[in-house]
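The values are calculated or read from the model by the stated rules, or taken from the named source; none is laboratory data. Note that the structure is predicted; figures quoted are calculated from it, not measured. Cβ: placed from backbone, ideal geometry, glycine included. Neighbour counts: every protein chain shown.
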Amino acid sequence: MLRTMRVANRAVVGLILAMGATSCGFIPGGQQALDPQGGQDDRLLPDGHGAPEACGFAPGAALEFAGRATTAGLGVQEVQGDPMSNDPADIYVTRDAFDQGELHGRLVCAIYVNPPGFVEITVHPDDMPEVVEEPPAPAEPPPDGISAEEAMAVAREALAEGPDHDRAPWEGDWEVGPAQAGPIDQAVFGRGSWNWARDLPPDLWVWSVYHSRGDRAAQVIIDFVDGTVYGIAEFILD
């Protein structure tokens, strides 16, 4: 009977401690948060005066969070997918925005457990300036090159010899499309699948002359400057 009472008492004590921890602001997983009303748990802060000196925060800077956590868990990591964002650290987040060197906004200071003492100071993701990517400038053709008419004449001759210059000539009438100029990476779909095109630089300017007849199609690729025939891409049309 006495042993049973001791076990029961231990269970009651454990329940009281768990309830007390919850009321003091403890979060499962070893994290500790500040009072949502703005109060501070001084046990988390050195001398109750704010973040450690290593963070470089302004004196008396109010904190939104202070405690052992991960930047990913708090959603304050600078880069999504950064492996260190899942490493435990003592993290301090300012409540207000500050200018600290090149950092502008609410500041996040993470002092990592491993490697010991490694400090990373970043801007809260919600305060990061929006990055607007400018579209790339349109590609400019070389200043000199053969004309579209010349490219079409070269294409007709190349096609008469046959694709890859080692097959029987393709005889008969072809419907010829206009010659189009541009970088080969844009001109040839699936460039890597053609042996003659695979090793050519992607920004090489070429003329592309498209031919079709029935269910057959041929795309003759010609150097924009000197008219060299790089190859013929063959297709079967659906």
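Only one residue in E140, E149 is under 30 Å from I221 (Cβ atoms), more than 29 Å from the chain's Cα centre (by Cα) and either among the acidic types (D, E) or part of a loop (DSSP other than H, G, I, E, B) (or both). Which one? Break it down stepwise before answering.
On the way: E140 fails: more than 29 Å from the chain's Cα centre (by Cα).
Every option except E149 fails the conditions.
Which members of region 104-120 meet the condition of being exposed (fewer than 10 other Cβ atoms within 10 Å of the Cβ) and of a type in the set (S, T, Y)? Let's see the steps before the verdict.
Filtering region 104-120 down to residues exposed (fewer than 10 other Cβ atoms within 10 Å of the Cβ) leaves 115-117.
Within region 104-120, no residue meets the criteria.
Working only within region 55-106, note down all residues that are assigned to a strand (DSSP E or B), of a type in the set (A, V, I, L, M, F, W, C), farther than 15 Å from V119 by Cβ and touching a Lys or Arg at 6+ places or on another chain (Cβ under 7 Å).
Within region 55-106, L63, A97 qualify.
Being hydrophobic (A, V, I, L, M, F, W, C) and under 30 Å from D90 (Cβ atoms) is the filter; apply it to region 121-146 and report the residue that is surrounded by the fewest Cβ atoms within 10 Å (Cβ to Cβ). Step through it out loud before you land on a result.
From region 121-146, those hydrophobic (A, V, I, L, M, F, W, C) are 121, 123, 128, 131-132, 137, 139, 146; that's our starting set.
Of the ones still in play, those that are also under 30 Å from D90 (Cβ atoms) are 121, 123, 128, 131.
Details: I121: 19, V123: 20, M128: 12, V131: 5.
So the residue we want is V131.
Restricting to region 180-219, count the residues that are within 20 Å of S147 (Cα to Cα) and outside any strand (DSSP E or B).
Counting residues in region 180-219 that are within 20 Å of S147 (Cα to Cα) and outside any strand (DSSP E or B) gives 6.
Can you tell me how many residues within region 204-222 are over 20 Å from W174 (Cα atoms) and either of a type in the set (G, A, S) or touching a residue at least 60 places away in the same chain (Cβ under 8 Å) (or both)?
Of region 204-222, the ones over 20 Å from W174 (Cα atoms) are 204-206.
Subset that is either of a type in the set (G, A, S) or touching a residue at least 60 places away in the same chain (Cβ under 8 Å) (or both): 205.
Residues meeting the conditions: 1.
Please go through region 44-82 and give me each residue that is at pLDDT below 90, under 28 Å from the mean Cα position of the chain (by Cα) and surrounded by 13 or more Cβ atoms within 10 Å (Cβ to Cβ), ordered by number.
Of everything in region 44-82, those that are at pLDDT below 90, under 28 Å from the mean Cα position of the chain (by Cα) and surrounded by 13 or more Cβ atoms within 10 Å (Cβ to Cβ) turn out to be E78, D82.
So is V154 surrounded by 10 or more Cβ atoms within 10 Å (Cβ to Cβ), of a type outside the set (S, T, N, Q) and in contact (Cβ under 8 Å) with a residue 24 or more places away in the chain or not? Before you say what the answer is, go through the steps one by one.
Values: surrounded by 10 or more Cβ atoms within 10 Å (Cβ to Cβ): yes; of a type outside the set (S, T, N, Q): yes; in contact (Cβ under 8 Å) with a residue 24 or more places away in the chain: yes.
So V154 passes the test.
Which numbered condition in (1) out of contact with any strand residue (DSSP E or B) (no Cβ under 6 Å at 6 or more places or on another chain); (2) at pLDDT 80 or above is the only one that G172 fails?
Here G172 meets the rest and fails (2).
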